[in-house]
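Taking it in order: structure first as structure tokens, then the write-up.
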Amino acid sequence: MTGNLEYDLYVLGAIGLLTVCSFLTRAGYLLFGDHIPLTESVRSALRYAPTAALVGIVVPELLPWTESGPVVDIRVLAALAAILVFWRTRSTVMVIVGGMIAYWILKALSGLF
């Protein structure tokens, strides 16, 4: 709280409205899903939503974009190692462990040179 009542009420009101909007958009389908049937094409498109969200989070983290293009560093190599681990084991835990071990090894090796 800043002590400026008008500003504080504005900030608290914005937080409250964003909370209500977030709740309505997230809970809307659970509350009204039975009354609004989805077509088969929408259902098939929603199957790819988790993958698209994951790609949207992971790719910008692995390949940060600069004016000259994406920056490739050891995180990309560790991600490729994690992909190979998944390809061989199909285990989520092993992907995390293998990717982190590859990252730590690559980071240690890059510090030596």
- Query: Does Ser110 fit the bill of being exposed (fewer than 10 other Cβ atoms within 10 Å of the Cβ) and in a helix (DSSP H, G or I)?
  - Reply: no
Conditions (1) under 30 Å from Leu106 (Cβ atoms); (2) part of a helix (DSSP H, G or I) -> Val72 fails only (2)
Any chance Leu62 is aliphatic (A, V, I, L, M) and touching a helix residue (DSSP H, G or I) at 6+ places or on another chain (Cβ under 9 Å): yes
Selection from the range 7-61 of residues exposed (fewer than 10 other Cβ atoms within 10 Å of the Cβ), assigned to a loop (DSSP other than H, G, I, E, B) and of a type outside the set (D, E, K, R) yields His35, Ile36, Pro37, Thr39
Out of (1) at pLDDT 90 or above; (2) among the small types (Gly, Ala, Ser); (3) loosely packed, with under 10 Cβ neighbours inside 10 Å, the one Gly3 does not meet is (1)
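The values are calculated or read from the model by the stated rules, or taken from the named source; none is laboratory data. Just so we're clear, the structure is a prediction, and the values are computed from it rather than from any experiment. Backbone-built Cβ (ideal geometry, glycine too); neighbour counts: all protein chains shown.
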